[in-house]
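Let me begin by presenting the structure, written as structure tokens, before commenting on it.
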Amino acid sequence: MRVLVDDVSKVYADRGGHPVEALAGVTFTVEAEELVAVVGPSGCGKSTLLNMVAGLLPPSAGSIAFEGALPPGRPPTAMVFQEFALFPWRTVQANVELGLEETGGPAGERHAVARRFIDLTGLGGFERKYPHQLSGGMRQRVGIARALAVDPAVLLMDEPFSALDAQTRQLMQEELLAIWERTRKTILYVTHNIHEAVWMADRVVVLSRRPGRVLDIVPIELKRPRMEAMAAEPAFLQAVERIWALIKSQAREALQEGAA
Amino acid sequence: MTRLAVPDRTRALARREHRVARVLGLLALVVAWEAVTRTGWVPALFLPSPLGVLAAGAEMLGTGELAVHLATSLRRIVLGFGLGALGGVSVGVAVGVFSLAEAIGNPLIAATFPIPKIALLPLLILWLGIGEASKVAVIMLGVFFPMAINTYTGVRQADPLLIRAAVSFGAGRWSVIRKVMLPSALPMIFAGLKLGAGTSLLLLVAAEMIAANSGIGFLILNAQNLMETTKLMVGIVLLSLLGLASHWLLVRLERVALPWRAQA
């Protein structure tokens with residue numbers, strides 16, 4: 001399924017009631033089975049954009065639509081959250097079953113589906129653990145398993161690995177790509193990490209600082225499956241440089257604004 | 001070169017368990033009490049000895065007197081506590097979830113909560129009669145308020161991120177209440193239950209002293225009227241045991257209901 005983001009703007013009121021423009025006229029598409037990353041300096045409205053695609057936040061103007069057949073019982077989207085958003089009172093198994101409960105299948109089938117994605121994400125043996133008993137990396141595996149279990153047409157990922165340490169993040173990126181090779185989901189991936197975006201994505205949407213506008217859409221000319229060694233290839237470095245050049249001045253302005 | 005070993009600077013702050021002291025303190029109190037009564041400095045009419053209280057308790061157990069009072073009190077407290085807790089949780093959830101219920105309920109609760117519930121007993125007796133209903137009702141009211149307020153607070157403290165996550169996975173309003181808000185409120189609900197258990201014991205005794213012919217409160221007041229101080233002390237010890245038992249029960253229940261907190 002394709003995601004069509006068409007001239008989307010978002011204005012919300014801050015605590016004092018003043019209007020704040022978070023996004024202005026954002027347009028791009030995510031093709032079926034494509035992995036698109038959205039990068040931008042902090043406060044560029046990346047997460048706002050993702051929440052709007054998830055239907056958790058209405059756009060102020062413009063439209064977001066899905067194109068393509070959606071089999072019954074499958075949700076259009078499922079989200080992986082930066083802060084994991086696991087239910088502390090549910091075991092790993094029950095957390096993964098959360099989304100399946102809403103689609104209303106029989107309990108036995110639910111268990112089986114959850115088990116499949118628990119195994120796929122390398123959580124086998126941890127079914128009965130509670131989130132607080134797991135490391136950050138393991139917790140986000142639960143978040144990914146929970147999202148994949150409902151078999152969404154589009155997987156939305158909101159800085160899924162930014163709360164993890166650098167080594168764990170690298171490993172999780174590789175695992176996510178491996179899972180993606182197998183499942184071929186359409187993925188919209190929000191991150192502030194340019195290397196991560198380039199290494200994982202087919203195309204990178206670069207947003208400006210607030211209000212977020214599309215500065216450029218950069219295609220990544222790297223073969224799949226992606227290998228660690230590709231990080232030294234000219235195509236990788238050029239893409240990183242091109243995106244960093246776009247973001248650099250924006251990030252600096254954001255930094256100075258934050259200091260003032 | 002001189003070597004300087006790094007000292008453990010936190011040692012002064014360490015808190016040890018002192019298991020023996022725990023038991024010893026309690027034991028010393030009882031022994032001192034027994035000793036004081038044996039010397040005869042204090043007449044048994046004012047302070048009966050612990051062993052005497054124990055003997056009287058055993059005797060009252062034998063004649064069935066204790067069982068009657070205990071059963072009557074237990075029935076009142078279980079009924080009042082149960083109804084109050086149920087009502088409090090229901091109202092707390094409603095006020096926490098629905099903005100209309102919050103608009104109506106919050107000022108109402110704020111206005112009625114500060115009334116000492118025992119002050120309502122005469123009115124309740126007028127309305128419900130001097131029998132069981134008024135006693136159960138006053139306990140119910142006493143438990144209702146901490147339960148409603150705690151449940152409301154617990155529901156409002158539910159993590160917005162988890163609510164968003166549940167909604168993103170297709171949860172409707174009832175699903176969000178059942179899967180996010182109620183589990184989030186459970187620790188606060190249990191705190192309310194423990195608070196309510198103490199309150200209900202207090203109100204039970206007060207109500208039974210004002211208007212009753214059975215129950216532990218009646219037993220204590222009646223023993224005082226008859227100058228049977230030993231029986232009076234049996235009643236007090238019984239109340240203490242009842243308080244301990246209800247707390248122990250609630251702690252156990254909490255462990256079962258909140259398994260994610262028990263497992264470290």
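The values are calculated or read from the model by the stated rules, or taken from the named source; none is laboratory data. Note that this is a predicted model, so its numbers are computed, not measured. Cβ: placed from backbone, ideal geometry, glycine included. Neighbour counts: every protein chain shown.
What about residue B:66, is it without any contact (Cβ under 8 Å) to a residue 40 or more places away in the chain and part of a helix (DSSP H, G or I)?
On the way: without any contact (Cβ under 8 Å) to a residue 40 or more places away in the chain: no; part of a helix (DSSP H, G or I): yes.
It is false that residue B:66 is without any contact (Cβ under 8 Å) to a residue 40 or more places away in the chain and part of a helix (DSSP H, G or I).
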- Item | Single unsatisfied condition, residue B:241 versus (1) part of a helix (DSSP H, G or I); (2) more than 17 Å from the chain's Cα centre (by Cα); (3) away from every other protein chain (no Cβ under 14 Å) | (2)
- Which number in (1) within 28 Å of residue B:157 (Cβ to Cβ); (2) touching a Leu at 6+ places or on another chain (Cβ under 6 Å); (3) of a type outside the set (Ser, Thr, Tyr) marks the one condition that residue B:220 misses? (1)
- Item | Matching option when the condition is away from chain B (no Cβ under 14 Å), assigned to a strand (DSSP E or B) and either in contact (Cβ under 8 Å) with a residue 40 or more places away in the chain or touching a strand residue (DSSP E or B) at 6+ places or on another chain (Cβ under 7 Å) (or both), among A:25, A:43 | A:25
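Whether any residue in the stretch A:54-69 is under 30 Å from residue B:260 (Cα atoms), in contact with a strand residue (DSSP E or B) (Cβ under 9 Å, 6 or more places away or on another chain) and within 11 Å of chain B (Cβ to nearest Cβ) is what I want to check. Show your work before the answer.
Of the residues in the stretch A:54-69, the ones under 30 Å from residue B:260 (Cα atoms) are A:54, A:56.
Filter once more, keeping what is in contact with a strand residue (DSSP E or B) (Cβ under 9 Å, 6 or more places away or on another chain): A:54, A:56.
So of that shortlist, the ones also within 11 Å of chain B (Cβ to nearest Cβ) come out as A:54, A:56.
Yes, the stretch A:54-69 has at least one match.
Scan the stretch A:99-113 residue by residue and report those that are within 14 Å of chain B (Cβ to nearest Cβ), surrounded by fewer than 24 Cβ atoms within 10 Å (Cβ to Cβ) and assigned to a helix (DSSP H, G or I).
Here is the first cut: in the stretch A:99-113, the residues within 14 Å of chain B (Cβ to nearest Cβ) are A:99-105, A:110, A:113.
If we keep only those that are surrounded by fewer than 24 Cβ atoms within 10 Å (Cβ to Cβ) too, we end up with A:100-105, A:110, A:113.
Across the stretch A:99-113, the qualifying residues are A:100, A:101, A:102, A:103, A:110, A:113.
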- Give, as residue ranges, the helices (runs of 4 or more DSSP H) completely inside the stretch B:112-180 that count at least 2 residues that are more than 14 Å from every other protein chain (Cβ to nearest Cβ), in contact (Cβ under 8 Å) with a residue 40 or more places away in the chain and surrounded by fewer than 23 Cβ atoms within 10 Å (Cβ to Cβ). B:121-128, B:132-156
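Could you say whether any residue in the stretch A:140-159 is assigned to a loop (DSSP other than H, G, I, E, B) and away from chain B (no Cβ under 14 Å)?
The first filter runs over the stretch A:140-159 and keeps only residues assigned to a loop (DSSP other than H, G, I, E, B), leaving A:150-153, A:159.
With away from chain B (no Cβ under 14 Å) added as a condition, the list becomes none.
The answer is no; no qualifying residue exists.
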- All but one of (1) crowded, with 16+ Cβ neighbours inside 10 Å; (2) touching a residue at least 24 places away in the same chain (Cβ under 8 Å) hold for residue A:56; which doesn't? (2)
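Being among the small types (Gly, Ala, Ser), out of contact with any Asp or Glu (no Cβ under 8 Å at 6 or more places or on another chain), surrounded by 23 or more Cβ atoms within 10 Å (Cβ to Cβ) and not assigned by TED's automatic domain parsing to the domain that holds residue A:190 narrows it down to one of A:78, A:94, so name that one.
Numbers: A:94 fails: surrounded by 23 or more Cβ atoms within 10 Å (Cβ to Cβ).
Sole residue among the options that is among the small types (Gly, Ala, Ser), out of contact with any Asp or Glu (no Cβ under 8 Å at 6 or more places or on another chain), surrounded by 23 or more Cβ atoms within 10 Å (Cβ to Cβ) and not assigned by TED's automatic domain parsing to the domain that holds residue A:190: A:78.
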- Message: For the stretch A:184-214: of the residues being closer than 24 Å to residue A:76 by Cα and hydroxyl-bearing (Ser, Thr, Tyr), which is surrounded by the most Cβ atoms within 10 Å (Cβ to Cβ)?
- Response: A:189
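Could we say that residue B:72 is assigned to a helix (DSSP H, G or I), farther than 30 Å from residue B:159 by Cα, modelled with pLDDT under 90 and among the polar types (S, T, N, Q) here?
The answer is no for residue B:72.
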- Does residue A:164 count as closer than 30 Å to residue A:257 by Cα, out of contact with any strand residue (DSSP E or B) (no Cβ under 8 Å at 6 or more places or on another chain), in the same structural domain as residue A:34 (by TED's automatic domain parsing) and surrounded by 18 or more Cβ atoms within 10 Å (Cβ to Cβ)? yes
- Item | Number of the condition not met by residue B:30 [criteria: (1) part of a loop (DSSP other than H, G, I, E, B); (2) closer than 30 Å to residue B:233 by Cα] | (1)
